[in-house]
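Throughout, read-outs are computed from the coordinates displayed, never taken from laboratory work. All values reported here derive from a predicted model rather than from experimental measurement. Reconstructed Cβ throughout: ideal geometry from the backbone, glycine too, with neighbour counts over all protein chains shown.
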Amino acid sequence: MLRSRIIPVLLVQDKGLVKTVKFKEGKYVGDPLNAVRIFNEKEADELTVFDIDATVKGKEPDYKMIENLAAECRMPLCYGGGITSLEQALRILSLGVEKIALSSAAVENPQLISEIAAQVGRQSVVVVADVKKKLFGGYKVFTHNGNRAINVDLFDFVKQAEELGAGEIVVNNIDLDGTMKGYDENLVKQLKEIVSVPLTICGGASNLDDISHLVHQYSPIGLAAGSLFVFKGKYKAVLINYPNSAEKIRLFD
């Protein structure tokens, strides 16, 4: 039976852990390996790591970094960034990563979704849609850290991704990234009506009540967040955090 998940998202840039606001102004917040160790101790449901430089700079995935993260991680790990081929995906999965995330590649070469799913099963293939709200309604998909608009409607995109073999859909709201203003519940509602595979929403989480609300309204669902689990307090001091067992029981009950 599927259950809701609470998922920290780590952004890596130049091998360091950063946090962005609306995909801009990456602020260095620490060492990715140290963050993984802390999330291990806090027994996070799973962890997602995005290398936000790889695709933009046309670089291969940093396999050594991925190997180090996977070796340290004691929870399911999803990695995205720079993946453009089946061979790269298989190599990353062989390092101990459970799921690979496709964003730009899912737009530029949609058949790659099917190729990877056929080799390793759709449960290991995640398609990520970074989106902004359109002026007159609806959502537009972007790639390359929100710098390249794609002429496709979000809902058409995620339906196609699912048909091609994606085992999970992640939708990241660029407008809310790092703002801590709350999730876009209207977006969640629309996605839950059309997506039949596991869905994860990211962007805007301000507190645990935001997570609890969506769990109770739209479970099962993945609730991903960056700033919420990296910063603490109104002055946003860097402090890796995650709900403890008692808090998770309260969130899910």
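Restricting to region 5-252, compute how many DSSP beta bridges are antiparallel as a %, nearest 5.
Percentage antiparallel, nearest 5: 35.
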For the pair Lys42 and Ser85, the simple spin-label estimate (label points 7 Å beyond Cα toward Cβ) gives in nm 3.8 nm
In debye to the nearest 20, the charge dipole size for the chain, taken about the Cα centre with +1 at each Lys and Arg Cβ and -1 at each Asp and Glu Cβ, equals 640 debye
Given backbone amide H placed at 1.01 Å from N, residues whose amide H is under 5 Å from that of His144, ignoring those fewer than 5 places away on the same chain, are Ser104
Ranked output for segments 240-247, 46-53, 2-9 by mean other Cβ atoms within 10 Å, highest leading, reads 46-53, 2-9, 240-247
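Using the per-residue mean of other Cβ atoms lying within 10 Å as a proxy for protection, in what order, highest first, do the peptides 223-229, 70-76 fall? Can you show the working numbers first?
Working: 223-229: 24.4, 70-76: 16.0.
Top to bottom by mean Cβ count within 10 Å: 223-229, 70-76.
So, R0 is 25 Å and r is the distance between the beta-carbons of Glu247 and Ile194; what FRET efficiency does that work out to, to 0.05? Display every interim value, and only then the final one.
Values: r = 31 Å, r/R0 = 1.25.
About 0.20, to the nearest 0.05.
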Contact order relative to length for the chain, counting C-alpha pairs under 8 Å separated by 6 or more residues, stands in percent at 18 percent
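Taking Rh as the Kirkwood radius computed over C-alpha pairs, what is the Stokes-Einstein D of the chain at 37 °C in a medium of viscosity 0.692 mPa s, expressed in µm² per second?
Working: Rh = 18.0 Å.
Value of D from the Cα-based Kirkwood radius: 183 µm²/s.
How long is the gain from Phe155 to Lys57 if the chain were fully straight, where each residue apart is worth 0.36 nm and the alpha carbon distance is subtracted?
Details: separation 98, 0.36 × 98 = 35.28 nm, distance 2.80 nm.
That pair, Phe155 and Lys57, stretches by 32.5 nm at full extension.
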Once the in-chain neighbours fewer than 8 apart are removed, the lysines whose Cα is under 24 Å from Lys59 read Lys15, Lys19, Lys22, Lys24, Lys27, Lys99
Given a Förster distance of 25 Å, the FRET efficiency implied by the Cβ-Cβ spacing of Tyr235 and Met75, rounded to the nearest 0.05, works out to 0.30
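Measure up Lys64/Lys192; Lys159/Lys234; Lys132/Lys236 against 31 Å on the Cα-Cα distance and list the ones that go over. Please list the in-between numbers first.
Values: Lys64/Lys192 37 Å; Lys159/Lys234 39 Å; Lys132/Lys236 25 Å.
As for pairs spanning more than 31 Å Cα to Cα, those are Lys64/Lys192; Lys159/Lys234.
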Check: C-alpha center region 35-81 vs C-alpha center region 205-252, spacing in Å is 20 Å
Note to self, the chain gives a 222 nm [θ] from helices alone (DSSP H runs n ≥ 4, -39500 (n - 2.57) apiece, / all residues, nearest 500) of -9500 deg cm²/dmol
